[in-house]
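S.K.: Could you have a look at this structure, given as structure tokens, before my questions?
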Amino acid sequence: MATALANDEPCTIYRDKWITDSETGEREQKRVAKQVKPWYYKRNNQYYFEVRNGNKALEIQAGLHAIEVGDQANLLPTIETIVEAVIAGELDKALTPEVKASKKSSK
């Protein structure tokens with residue numbers, strides 16, 4: 001998506017979906033467009049990038065959920081740097097959910 005933005009091209013992501021024909025009752029697989037929200041956004045002429053795990057933005061620093069990228073030209077190198085950090089294991093602690101200890105009452 002960011003590459004398409006950098007090249008001023010439209011970006012459409014597809015997925016395969018099984019559809020049953022109401023007349024014949026046959027099932028066939030069709031390719032349909034899928035709505036995907038980008039992890040980056042523009043605010044006050046600055047781009048920001050969120051590192052997300054599932055549907056939740058990760059807190060990069062205390063109170064900060066996005067990385068200020070600046071200009072649109074910096075978006076792709078920033079994403080590449082984050083991918084390298086994930087591969088190197090630098091974000092493992094943030095990506096791994098914390099297991100809360102539960103107190104069991106004995107009766």
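S.K.: Find all pairs meeting these conditions: Cβ atoms under 6 angstrom apart; at least six residues apart or on different chains; first residue within segment 1-18 and under 23 Å from Pro77 (Cβ atoms); second residue among the aliphatic types (A, V, I, L, M).
M.R.: What qualifies is Ala2/Leu75; Ala2/Leu76; Ala2/Ile79; Ala6/Leu76; Cys11/Met1; Cys11/Ala4; Ile13/Val36.
S.K.: Does segment 43-61 contain any residue that is at pLDDT below 80 and over 18 Å from the mean Cα position of the chain (by Cα)?
M.R.: yes
S.K.: Which residues, counting only those in segment 1-42, are touching a Pro at 6+ places or on another chain (Cβ under 9 Å) and either loosely packed, with under 11 Cβ neighbours inside 10 Å or not in a loop (DSSP other than H, G, I, E, B) (or both)?
M.R.: Within segment 1-42, Ala2, Ala4, Leu5 meet the criteria.
The values are calculated or read from the model by the stated rules, or taken from the named source; none is laboratory data. Because the structure is predicted, anything quoted here is derived from the model rather than measured. Here Cβ is always computed from backbone atoms with ideal geometry, including for glycine, and neighbour counts include all displayed protein chains.
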